[in-house]
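S.K.: For reference, the structure I am asking about is given below.
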Amino acid sequence: MTVDRLDLESLGAYLEAEISGFKGLREAEKFSGGQSNPTFLLTADSGQYVLRKQPPGTLLKSAHAVDREYRVIRALAATSVPVARAYHLCSDPEIIGTMFYVMSYENGRIYWNPALPDVDRDERRLIYDEMNRVLAALHDVDIEAVGLADFGRPGNYFERQVGRWSKQYRASETDKIESMDRLMRWLPDNMPQDDGQVSLIHGDYRLDNIVFAPAGPRAMAVLDWELSTLGHPYADLAYQCMQLRVGYDEVVGGLGGVDRAGLGIPTEEEYVAAYCQRRGIASIPDWNFYIIFSFFRLAAILQGVLKRAVDGNASSEKAFQYGVLAPRLADLAVQVLDEA
């Protein structure tokens, strides 16, 4: 973690007035991971907490919606989806310069390498199965019962998403990427028929956005709900599987080319089959579309990271490394398209 400047005296006084039991803020350290919303570990006399805020500078419309994250975390507290405890949302930018919220600090394990080199073969299998279980549980949440029936717009999710990320990509474009242009032409013309499925979806569901217990495969909290919305559950599933198709490096970790059977990690087919069994689904047609869409969407997100880096508003020092991956991901999507 790195130290970032927050006015501890004024922030501490504010939190003591707003959060029951909060007392004596001593330190705020910025987590080095993550590219979107700066996140801090707060250490106080009353314990440790996590503060998550919007980045400084001019923000793209609808981006960095920490208030939406906070709403989801609160809504999921009584479900089987593990989340941190939501303490307080501050929409007043005068306190620390931007909107922010505070949640509990879940002191467990985060796995950055999807090959899980530090755990044994049997535990690898159980960790991936737990990740699969939590994803299926998320998509089975009764959105009306938890008060999230209005958390997304009606209509075809993929149509809306292709339109949204095409606009976001154009707004953050720094250089022309031919493969992105091709995807923005192909996706609207190859949209699967809307089957009416609507679930709460995470939007960035992956291994390193889950805190696991200090021992064993139990998930303690799913993190980073910024991109959550009401949408199609296959978007989350395909996004996770898409990530596992790319090779592993220090910026975007994947399992492409890895002997999963030898490691005890399920294949994509096995992972999808386990998810379908949990949700009572026979099969998933148009799977390649969902994979291609996932590559496109992540490429558009990373292009936004690059634009923030160019503008000097990036949350992490690795922003340029992340950003330059947009063409690579778009090329991988086109490769799936051509092979199909």
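S.K.: Among the residues of the stretch 84-106, how many are modelled with pLDDT of 95 or more and either of a type in the set (D, E, K, R) or in a loop (DSSP other than H, G, I, E, B) (or both)?
M.R.: 4
S.K.: Can you find a residue in the stretch 97-110 that is within 22 Å of residue 17 (Cα to Cα), of a type in the set (Gly, Ala, Ser) and more than 17 Å from the chain's Cα centre (by Cα)?
M.R.: Pass one, the stretch 97-110, residues within 22 Å of residue 17 (Cα to Cα): 97-105.
The next check asks that each one be of a type in the set (Gly, Ala, Ser); those that pass are 97, 104.
Now narrow it down to the ones that are more than 17 Å from the chain's Cα centre (by Cα): 97, 104.
There is at least one residue in the stretch 97-110 that is within 22 Å of residue 17 (Cα to Cα), of a type in the set (Gly, Ala, Ser) and more than 17 Å from the chain's Cα centre (by Cα).
S.K.: To continue, here is another question. State whether the residues of the stretch 261-279 include one that is in contact with a Gly (Cβ under 9 Å, 6 or more places away or on another chain), surrounded by 20 or more Cβ atoms within 10 Å (Cβ to Cβ) and in a loop (DSSP other than H, G, I, E, B).
M.R.: Pass one, the stretch 261-279, residues in contact with a Gly (Cβ under 9 Å, 6 or more places away or on another chain): none.
No, because not a single residue in the stretch 261-279 is in contact with a Gly (Cβ under 9 Å, 6 or more places away or on another chain), surrounded by 20 or more Cβ atoms within 10 Å (Cβ to Cβ) and in a loop (DSSP other than H, G, I, E, B).
S.K.: Give me the pairs, please: first residue somewhere in the stretch 157-169 and polar (S, T, N, Q), second residue anywhere and surrounded by fewer than 15 Cβ atoms within 10 Å (Cβ to Cβ) and in a helix (DSSP H, G or I), beta-carbon distance under 9 Å, and either six or more positions apart or on two chains.
M.R.: Matching pairs, first to second residue: 166/188.
S.K.: Right, here's the next one. Can you tell me which condition residue 213 does not meet? The list is (1) surrounded by 19 or more Cβ atoms within 10 Å (Cβ to Cβ); (2) in contact with a strand residue (DSSP E or B) (Cβ under 6 Å, 6 or more places away or on another chain), and all the others hold.
M.R.: (1)
S.K.: Within the stretch 1-51, work out how many residues are at pLDDT 90 or above, of a type in the set (Ser, Thr, Tyr) and surrounded by 13 or more Cβ atoms within 10 Å (Cβ to Cβ).
M.R.: Selection size over the stretch 1-51: 6.
S.K.: OK, next. If you go through the stretch 296-310 one residue at a time, do you hit one that is aromatic (Phe, Trp, Tyr) and either surrounded by fewer than 22 Cβ atoms within 10 Å (Cβ to Cβ) or not assigned by TED's automatic domain parsing to the domain that holds residue 193 (or both)?
M.R.: The initial filter retains those residues of the stretch 296-310 that are aromatic (Phe, Trp, Tyr), namely 296.
Those left that are additionally either surrounded by fewer than 22 Cβ atoms within 10 Å (Cβ to Cβ) or not assigned by TED's automatic domain parsing to the domain that holds residue 193 (or both): none.
For the stretch 296-310, residues aromatic (Phe, Trp, Tyr) and either surrounded by fewer than 22 Cβ atoms within 10 Å (Cβ to Cβ) or not assigned by TED's automatic domain parsing to the domain that holds residue 193 (or both): absent.
S.K.: Return only the number of the condition from (1) within 29 Å of residue 183 (Cα to Cα); (2) touching a Ser or Thr at 6+ places or on another chain (Cβ under 7 Å); (3) surrounded by fewer than 20 Cβ atoms within 10 Å (Cβ to Cβ) that residue 139 does not satisfy.
M.R.: Failed condition: (3).
The values are calculated or read from the model by the stated rules, or taken from the named source; none is laboratory data. Because the structure is predicted, anything quoted here is derived from the model rather than measured. Cβ coordinates were reconstructed from backbone atoms using ideal geometry, including for glycine residues, and neighbour counts include every protein chain displayed.
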